[in-house]
Amino acid sequence: MDIHISRLHFPVTTLGPGRRIGIWLQGCSIHCPGCISADTWAVDKGRTTVDSVMTHLAQWLPAAEGITISGGEPFEQPEALVALVTALRSATPADILVYSGKPIEHLTLVLQRSAGCIDALISDPFDLNAPHTKPLRGSDNQRLHLLTALGIDRFSAYEAPCKVLDKSLDVMFDPDGSVWFAGIPQRGDFLRLQELLINQGHRVHISADRARTTKVHQS
Ligand code: SF4
């Protein structure tokens with residue numbers, strides 16, 4: 001089964017409870033203004049197979065307490081997503097959280113086919129103009145759905161407002177010198193970091209959609 005992947009990482013500690021595997025799928029047609037992951041929009045990158053992904057994840061699965069699947073838009077690869085969460089459910093007792101920029105009402109078929117494999121779902125598109133007070137979400141219009149008993153156990157606490165620790169970001173360093181962040185930044189965080197680093201002479205590229213940059217400059 002083919003799947004397009006942007007990134008795999010372990011450990012991720014900012015997108016759900018515990019030490020988690022992060023799986024970012026490549027490709028998203030929704031294009032929310034201000035998306036911080038515009039580098040995942042292109043659909044013609046990162047082609048591999050679900051079997052290859054599972055082989056790569058095998059080194060991390062024994063230590064993983066949870067798995068977060070984001071993107072990109074995971075539900076725009078429905079066959080691959082069902083195959084991936086089914087394989088993960090068989091391979092580990094870790095919880096599985098999936099993000100989508102679509103309303104849950106548009107995901108019924110895939111959720112039926114993957115019943116019991118996705119424990120929690122965060123649905124709905126990022127809204128740059130909505131308040132941002134809830135953990136795990138970039139904007140408060142995004143809904144958290146607890147789909148299994150494990151999902152209720154692991155994610156009920158995330159219905160409460162953000163605490164200080166919810167504002168953390170993971171930092172990842174690639175061999176080529178690239179630095180990546182995982183987590184939910186506060187509005188304007190990446191722009192402020194970009195300006196700080198540029199002022200110190202670094203070359204900086206951020207993956208945020210320009211609408212976000214423009215918005216922040218105007219405020
Ligand atoms: S926030 Fe998510 S759904 Fe929206 S454009 Fe970015 S990757 Fe796509």
Problem - Distance in nm between pseudo-label sites at Lys102 and Thr49 (7 Å out along the Cβ direction from Cα) - result: 2.6
Practice task
State the percentage of accessible surface on the range 169-209 attributable to carbon and sulfur atoms; use a 1.4 Å probe and exclude ligands, DNA and RNA.
Solution key: 54
Problem - Heavy-atom accessible surface of the range 2-165: percent carbon and sulfur, 1.4 Å - result: 58
Handout entry: Computed magnitude of the charge dipole of the chain (debye, nearest 20; Cβ of K, R +1, Cβ of D, E -1)
Key = 400
Practice task
Calculate how large, on average over all directions, the projected area of the Cα convex hull of the chain is; give the answer in nm² to one decimal.
Solution key: 12.0
Problem - Neighbour net charge for Pro78 - beta-carbon separation under 12 angstrom, K R +1, D E -1 - result: -1
Handout entry: Neighbourhood net charge (9 Å Cβ-Cβ; Lys/Arg +1, Asp/Glu -1) for Lys102
Key = -4
Completion exercise
Probe 1.4 Å, heavy atoms of protein chains only: per residue, the accessible area of the chain in Å² is 49
Fill in the blank from the handout: Given unit charges at Cβ for Lys, Arg (+) and Asp, Glu (-), the dipole magnitude of the range 169-209 about its Cα centre in debye, nearest 20, is 160
Practice task
Specify which residue in the list Leu191, Gly177, Ile206 is farthest towards the positive end of the charge dipole of the range 169-209, using unit charges on the beta carbon of Lys, Arg (+1) and Asp, Glu (-1), about the Cα centre.
Solution key: Leu191
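The values are calculated or read from the model by the stated rules, or taken from the named source; none is laboratory data. What you are looking at is a predicted structure, and each value in this text was computed from that prediction instead of being measured. Quick reminder, even Gly has a Cβ in these numbers, built from the backbone with ideal geometry, and neighbours come from all protein chains shown. Just the protein is used for accessible areas: all its heavy atoms, side chains included, with ligands, DNA and RNA removed. Shrake-Rupley method; radii C 1.70, N 1.55, O 1.52, S 1.80 Å.
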